[in-house]
Structure formats: structure tokens, C-alpha cells
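Beneath this line is the structure, given in C-alpha cells, with notes to follow.
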Amino acid sequence: MMDNVEHSPGVREYIRRGQVMLAAEAARRAEMRTKKFDTIAVHGLYGMQAALQNQGSIIEPIYLSSAQAFENSDNMEAALAHLMPAWTYSRQGNPTVHYLEETISLLEGYGYPGETGALVTASGMTAVFMATSPFLTVEGQGSRPMNLVAPARCYGGTFMLFGERYGRERGVEIRWVVDPLDLNEWAAKIDRDTRFVYGEMPSNPGLHVFDIAAVADLAHSHGLPLIVDSTVATPALMRPFQHGADIVVHSVTKSMSISGFTIAGALVARHDIPSRVGPDELRANFADHVRQTTYRDHGPSLSPFNALLALNDLRTLRSRMDSLSRSAQQVAEFLAGHPKVEAVFYPGLEGSATHEVAAHYMWLADGQDDYGQPVNRFGHLLGFTVKGKPENARRVLDRLQLVLRAADLGRIKSLATIPAISTHQQQGEEGRKLADISPSLIRLNVGGEHPSDVIQDLDQALG
């Protein structure tokens, strides 16, 4: 936070105080990195000292004020010049939001030896935008169009952001990878004009996967960052930094905030990422760079109230993802044996095209402590196609009684939708064909109900 400007004695005193504050937070962060996943999820950076400084509140307090007051003009100057820790204005930062950012950063960095930083946003799509747009600058563009490389098998909102907002409106060439398991296809589409490589693991709604480590090595050989959307897995089941990813994005709205009360997103980045464009600050600390530039100027801040709701849901993330994954496994196995079901898409099914790669990457955090050995867990999202005409899938969806019809996922209540008429409708028929979205595909979020009751509802609907 230091700079080369000669400051008044009063400002220098606040800079000194800021260094003390930063050192205390760094010490707390280092301490928490020695703890288990569940302990981090429960406490984050908010410990005994922070509680005593907040009237003894054992839960992170919510700061609903839009702005921070300062002791004097020296304090204001130092804070607004980012020479000391301060939140100044809730569009750029807020104490409650900061607690959420630090918790997510610690969870995503669990087991990773390097430093990470996080930035939370008003939605998951905002996080995708914040993670990608800084690389799409005119710097070094020349006469050739810049491009990005990503699988077409991705969330509908991401498909539209890349294809429409970046492709049609900005002139960025979108190079869609049709088969994310084919490393040669990734390699063939990366060249000197590529700005970043992007992928979902597993993808929504088809639960497709890709080899993170292999694609990361490929991206890095070209001096490019690999950005991974790990929403479906959450840090409880997979942490891409351990496998070479540079930036991870989440729709915190989903499994992280399972109660369904909040909309939020997160961008998490390791320090010292590769990039062909941008200043040194972008590569050194991408999350902080975005906060001071793109985030500041676009203003996609998360409300402190939503941050607190997300924090409370995060505390039980690991145990929930364990239980929900086991339920989803039972449901997937039932559907795989049902005569009215054409195909089931779930990485936990042995023999599926995605199982081997998914089993390499998706492990329950600290699973050996619960089960005596590491255990695979594959999340609580799955998809299945109904035999016959597309109208059959609509009939099954309409007959569900316990499972709710909703274009959402990651909820504690089981939900189902037909992506072709909901989450991926805007892509059009050609876009859905490219992304392998069948009109007969039903996406199912398995919730916290007893799996036998979910199975019973599916059975009667299919009947």
C-alpha cells in the first residue's frame, strides 16, 4: 500500500497504523490456514479479537451503512489513497463483505501453498464478467481480433456473455471447444491472439468435465491464465488452484448459499498469474487489481445483508455437500436403471464418459477424517434425458409433486428444469445444439430431502 509521494506527518501516522492492521490480519490469515476446512468455514478471519472489538458479537456484525466516517482529513486521505485498510464506501468494500471474501478465499485456497485473494460480487454472472473482461483490452490487439477459448458446454448465461456481449458486441472471436475431454481440440484453438482459457468443472447442465491440470499446462505454455467455474463442485469437493488453475469463479447463489435467500458471486485468484496483457499489478494480485479498477468503475457490489446470509450458509458447506452428494448418487443410480430414461449425466456413475476425470479431481475435503480414507463426492446436480419425443420430458416435469419446477440449482429443496426452455433458451436452437443441450434433458438438483422420497416422486412422474 506504500507509494512514492511525500506525505504529511499525519498521513504517515495513518499509514503506520495501516501497516499494523495489515500485519494483524495477515497473522490471523496464516493462523487459519493451519486449521481444518470446517473450522475455516465456521470462523474465517473473524476470531476472538474481532469479536471483542465488535461489542463481543460472536457472529460477524452486519454493516449496513453505505459509507465510513473518518477521524480527520489525514485519515481520509490515507484511506482513499489505499495506503491503509479501510472500506470507505460500500460500493468498493464493506466489513461484512470482507469477512465473506476472506472466508471464500481461505476455503478455495485450502491445501494450496500459495497466496490467494477473493472479490465477491452481486451475482455469479458478475463474477464471470469481472474475471474475464480485464483480459479483453485493446492492448496488443493489432489488426487481428483477440479471441478466447472455452467449452460450448457451459451455463447459458456464460454462453451469452461470451457469444453476444463479447463476440457480437465487442468483436472478440469466441472459439468454442466442442469436446472438453479432447486436449488436442483445446490446443488447436489457442494461438497468439488468445487472451484467456475458460472452463466449467463440472458443467451446468450436462455435468461435462475437463482435465484441469492438462489444460492449465497448455494455457501456461502460451502465457495465458486458466479460469475455472467451480460452482457445481464448491471448494468442499474440488479446489482448482491445486491443479494449476489461476482464477476460480463461483455463483455463491448456488450450493454455497443453499438456503436460497441470497444472490452472490465470487472471483478468487491466486497471486502471480500469467497474462499477455495488463499491468504488473494484474498479474501480481488479480483480485485486488480488479477491485481497484473494473469493480470500482462498474459498481457490482454485494449488499452486506446478502453477504451475511451467504456467510451463515457457508459454515456447514462440507458436511452438506457430503450428504447431498450421497443422495444424488442414489438418485442417479435409480434413474440409470429406469426403463423410461434414455441417459443419465452424473460424474459419480462408473462407466460414464466423465467418471474417470471427475474421480481424479473431486474429493471431499478432509474426507479421510470421516471415512478413514479419501472419498470421492460428485455434487448434487445431475441431468437425465427422457425416452421418446421432447414432449415426454415436459410431461415428466409437469407430473413432479415433491420436486419443484424452477430454473435454479444448489438449493436445499430438490428442483428440476428443462434447460432448453429455461436456462439455455436464449441460446437458440443452433447454440443449444453446439452445447449439446437436448430438448429432452431434465436438470435435477437433489436437495436435502430423504433420497427415497425424491426417488418415489421421480418414479411416479416417469410412470
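Rundown of residues vs (1) more than 15 Å from the chain's Cα centre (by Cα); (2) within 27 Å of Asn147 (Cβ to Cβ); (3) hydroxyl-bearing (Ser, Thr, Tyr); (4) modelled with pLDDT of 95 or more, yes/no style:
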| site | (1), (2), (3), (4) |
| --- | --- |
| Leu237 | no, no, no, yes |
| Pro240 | no, yes, no, yes |
| Gly244 | yes, yes, no, yes |
| Ser255 | no, no, yes, yes |
| Asp272 | yes, yes, no, yes |
| Asp280 | yes, yes, no, yes |
| Arg283 | yes, yes, no, yes |
Completion exercise
Residue hits (segment 325-340; of a type in the set (A, V, I, L, M) and buried (at least 19 other Cβ atoms within 10 Å of the Cβ)) are Ala328, Val331, Ala332, Leu335
Problem - Pick from segment 79-116, criterion assigned to a helix (DSSP H, G or I) and at pLDDT below 95, ranking: nearest to Thr34 (Cα to Cα) - result: Ala79
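Yes/no per residue for (1) assigned by TED's automatic domain parsing to the domain that holds Met130; (2) crowded, with 24+ Cβ neighbours inside 10 Å; (3) assigned to a loop (DSSP other than H, G, I, E, B); (4) among the acidic types (Asp, Glu):
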{"position": "Val228", "(1), (2), (3), (4)": "yes, yes, no, no"}
{"position": "Ala245", "(1), (2), (3), (4)": "yes, yes, yes, no"}
{"position": "Val252", "(1), (2), (3), (4)": "yes, yes, yes, no"}
{"position": "Gly260", "(1), (2), (3), (4)": "yes, no, yes, no"}
{"position": "Ala266", "(1), (2), (3), (4)": "yes, yes, no, no"}
Completion exercise
Among helices (runs of 4 or more DSSP H) entirely inside segment 354-463, those with 1 or more residues being in the same structural domain as Glu342 (by TED's automatic domain parsing) and at pLDDT below 95 are 428-434
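The rows are residues; the columns are (1) in contact with a Gly (Cβ under 9 Å, 6 or more places away or on another chain); (2) over 18 Å from Asn94 (Cα atoms); (3) of a type in the set (D, E, K, R); (4) modelled with pLDDT under 95.
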position	(1), (2), (3), (4)
His7	no, yes, no, yes
Met32	yes, yes, no, no
Lys35	no, yes, yes, no
Gly44	no, no, no, no
Gln49	no, yes, no, yes
Pro61	no, no, no, no
Handout entry: Looking only at segment 190-234, and only at residues there that are under 22 Å from Tyr166 (Cβ atoms) and among the polar types (S, T, N, Q), the one that is farthest from the chain's Cα centre (by Cα)
Key = Thr194
Handout entry: Pair list, Cβ < 8 Å and 6+ apart or interchain, from segment 131-159 residues that are loosely packed, with under 13 Cβ neighbours inside 10 Å to residues that are in a strand (DSSP E or B)
Key = Pro145/Glu173
Exercise for the section: Hey, can you tell me all the residues within segment 272-316 that are among the hydroxyl-bearing types (Ser, Thr, Tyr), surrounded by fewer than 18 Cβ atoms within 10 Å (Cβ to Cβ) and closer than 22 Å to Leu45 by Cα? Expected result: Thr316
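The values are calculated or read from the model by the stated rules, or taken from the named source; none is laboratory data. As the structure is a prediction and not an experimental result, all values here were calculated from the model. When we count neighbours, we look across all protein chains shown, and the Cβ atoms used for this are built from the backbone with ideal geometry, even at glycine.
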